[in-house]
Amino acid sequence: MTARFRRLVETDRPPVSLTIDGVSVTALLGDTLMVAMLTNGDALRTSEFAASEPAAPEPSDGRRAGFCLMGACQDCWVWTASGARLRACSTPVQNGMTISTRQPEATWANIA
Amino acid sequence: MGEHRVIIVGAGPAGVRAAQAVVRAGLRPIVIDEASRAGGQIYRRPPENFKRDHEALYGTEAARARAIHEDFAALLPHIDYRPETLVWNVAEGHVWAAHEGETQAIPYNALIVCSGASDRVAPIKGWQAAGCYSLGGAQIALKAQGCAIGHRVIFLGSGPLLYLAAAQYVKAGAEVAAVLDTSPFWLRVKAAPKLAAMPELLWQGVKLLRDLKRAGVPVLTGVTPVEIEGDPQNGVSGVTVRHKGAVRHFAGDAVAMGWHVKPEAQIADLARATFAFDPATRQWLPQTDADGRAGNALYLGGDGARVLGARSAEVTGELAAMAALADLGLTVDADRRRWLLAEKANYATFAKGLAQAFPWPHELVAAIPDDAIVCRCEAVTAAALRASVSTAHAQEANRAKAFSRVGMGRCQGRYCGHASAEIIAAARAVSLEKTGRLRGQAPVKPIPVSLKRNDI
């Protein structure tokens, strides 16, 4: 998969391994989760909204890759295997992380 | 720690200087910062295993950055420092802080908020595509992570950071496709007398432009953005602008966009600061006296109060702390205060020059096409926002937010609020001031419902 981010400097750091959507990838110690993911791919998640007007045929207005990198926009949410939400821009990557770019299915009480 | 509890929010240049002043007065302040390392955004530090030195990271501001980092390190034994901690509410004399799944309500006698700023962004058709980043975000990628946001980056917006970030990208070896400034060059000439209040900063700006041109980067001023091209699957593929009557297209896989920065004033809002409309920059700003007093034991310093830049933040952070100390009955150095106030005045003149030279493109925002997205959190178009005025008869920003959800998504209005107000004002044909101000709401950022309360 195409990398979105391009590493320019500070590349002599020890590697760390993580799993993104079941695929094992390598990042560098000190990377944010966002950099780890976007040097191994081109998006972090898929928007859960479709464009409001005019009526859009697509269920989503597209894939997202973060926006502000400073913890303000919340565009970079990803999920751990256990369902915890992480802000990828401000979470340091850790060896052995298992990340999902799709929100794990929530279980709602069936009250119908 | 004595009877006075002083809480400082933020550990950027303003928060660090505020903490220093409070410690000098013999108190032990609580310093709460969301980041893991002090420095704020401009003097943001990479993780500890990164090797670039201050000169490589901060260029002309290296000495200032080093001073902030070293002075804060020296303060550590004398303060209650709480990194990676989010202040998510202020109510009834308590700061609500969250850290690692727990939250605490901390009472205070004085609250000094140095919450910094975030990018002021104009929505451009297509800006929801993956690969569009805020200008500040593009700079953080390079400074804190050694990365470019793409393989061929287009810089779009206005203001000094546009040129600074683009020049830093070029210097680091990134490919910069173009720098596209919505402000016409003649405004810079007109603003020169005010910009001359800070000759060194003015000269830095001139050098940045020269460096970009020498590197062969096309720099276009007075552009009208038409569209950020791309597709929902693959993200950005280029930018189209109108320039001097011609349509110009630039191919690239990333866009860094921003029109200056604006105060992160949500905490000040919850702490009951009064806001007033500032016609020069077309935004609502928290009101303080010259020293930073905002009433109710609240003091504001740095860009979180008014955007005057990182150098000025050191001045206004210290001033805010001195005001708090004086109000607590402690003695402050009157000569020092006078000197700081004079410095602040110079930075304010310079900031007026910047606002004049690189204006917020409000006509462009008001005229954004119906099918362009205003709220990128929830993909709400300009048409939907306009309908909240024309069909649902929303008269002001909070009502339009309720109808359209613009300002209600995960960024809580940080990146659509200013644009939304312009679009509502144009749709109603009233002044921007009449559209009102989006009220701050707690929590100021999303927090987990599972937070455990753990009060002191």
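In the set (1) within 22 Å of B:Gln356 (Cβ to Cβ); (2) in a helix (DSSP H, G or I), the condition left unmet by B:Ala276 is number (2). Taking region B:332-370 as the range and being over 29 Å from B:Leu385 (Cα atoms), touching a residue at least 12 places away in the same chain (Cβ under 8 Å) and more than 20 Å from the chain's Cα centre (by Cα) as the test, the residues that pass are B:Val332, B:Arg336, B:Arg337, B:Leu340, B:Leu341, B:Glu343, B:Asn346. When region A:55-105 is limited to residues that are surrounded by fewer than 16 Cβ atoms within 10 Å (Cβ to Cβ) and part of a strand (DSSP E or B), the one that is farthest from the other protein chains (Cβ to nearest Cβ) turns out to be A:Thr98. Residue under question is B:Gln145, and the condition is that it be more than 25 Å from A:Asp61 (Cβ to Cβ), within 21 Å of the chain's Cα centre (by Cα) and within 12 Å of chain A (Cβ to nearest Cβ); does it hold? Criteria met by B:Gln145.
B:Phe250 meets each of the listed conditions (1) touching a strand residue (DSSP E or B) at 6+ places or on another chain (Cβ under 9 Å); (2) within 22 Å of B:Tyr163 (Cβ to Cβ); (3) not assigned by TED's automatic domain parsing to the domain that holds B:Tyr133 apart from (3). Taking the criterion of being on the phi < 0 side of the Ramachandran plot and free of Cβ contacts under 8 Å to residues at least 40 places away in the same chain, would at least one residue in region B:250-272 satisfy it? No, region B:250-272 contains no residue that is on the phi < 0 side of the Ramachandran plot and free of Cβ contacts under 8 Å to residues at least 40 places away in the same chain.
Residues in region B:85-94: is at least one aromatic (Phe, Trp, Tyr) and closer than 20 Å to B:Pro13 by Cβ? The answer is no, given that none of the residues of region B:85-94 is aromatic (Phe, Trp, Tyr) and closer than 20 Å to B:Pro13 by Cβ. Scanning region B:382-406 for residues that are closer than 26 Å to B:Met257 by Cβ, within 13 Å of chain A (Cβ to nearest Cβ) and either in contact with a helix residue (DSSP H, G or I) (Cβ under 6 Å, 6 or more places away or on another chain) or touching a residue at least 24 places away in the same chain (Cβ under 8 Å) (or both) returns B:Ala382, B:Ala384, B:Leu385, B:Arg386, B:Ser388, B:Ser404, B:Arg405, B:Val406.
Conditions tested, residue by residue: (1) out of contact with any helix residue (DSSP H, G or I) (no Cβ under 9 Å at 6 or more places or on another chain); (2) surrounded by 24 or more Cβ atoms within 10 Å (Cβ to Cβ); (3) at pLDDT 95 or above; (4) among the hydroxyl-bearing types (Ser, Thr, Tyr).
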position: B:Glu102; (1), (2), (3), (4): yes, no, yes, no
position: B:Ala105; (1), (2), (3), (4): yes, no, yes, no
position: B:Asn109; (1), (2), (3), (4): no, no, yes, no
position: B:Ser115; (1), (2), (3), (4): no, yes, yes, yes
position: B:Ser118; (1), (2), (3), (4): no, yes, yes, yes
position: B:Pro123; (1), (2), (3), (4): no, yes, yes, no
position: B:Gly137; (1), (2), (3), (4): no, yes, yes, no
position: B:Gln145; (1), (2), (3), (4): no, yes, yes, no
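Report yes if B:Ala141 is closer than 26 Å to B:Gly238 by Cβ, without any contact (Cβ under 8 Å) to a residue 24 or more places away in the chain and touching a strand residue (DSSP E or B) at 6+ places or on another chain (Cβ under 7 Å), otherwise no. Against the criterion (closer than 26 Å to B:Gly238 by Cβ, without any contact (Cβ under 8 Å) to a residue 24 or more places away in the chain and touching a strand residue (DSSP E or B) at 6+ places or on another chain (Cβ under 7 Å)), B:Ala141 qualifies. Out of B:Phe50, B:Phe72, one residue alone is out of contact with any Lys or Arg (no Cβ under 9 Å at 6 or more places or on another chain), surrounded by 14 or more Cβ atoms within 10 Å (Cβ to Cβ) and modelled with pLDDT of 95 or more. It is B:Phe72.
Based on what the data block shows, is B:Ala345 surrounded by fewer than 17 Cβ atoms within 10 Å (Cβ to Cβ), of a type in the set (A, V, I, L, M) and either away from every other protein chain (no Cβ under 14 Å) or within 26 Å of B:Tyr163 (Cα to Cα) (or both)? Answer is yes for this residue. Of B:Arg64, B:Arg82, B:Arg37, all but one fail to be closer than 28 Å to B:Ile106 by Cα, of a type in the set (Lys, Arg) and more than 14 Å from every other protein chain (Cβ to nearest Cβ); the exception is B:Arg82.
The values are calculated or read from the model by the stated rules, or taken from the named source; none is laboratory data. These numbers were taken from a predicted model, which means no experiment stands behind them. Quick reminder, even Gly has a Cβ in these numbers, built from the backbone with ideal geometry, and neighbours come from all protein chains shown.
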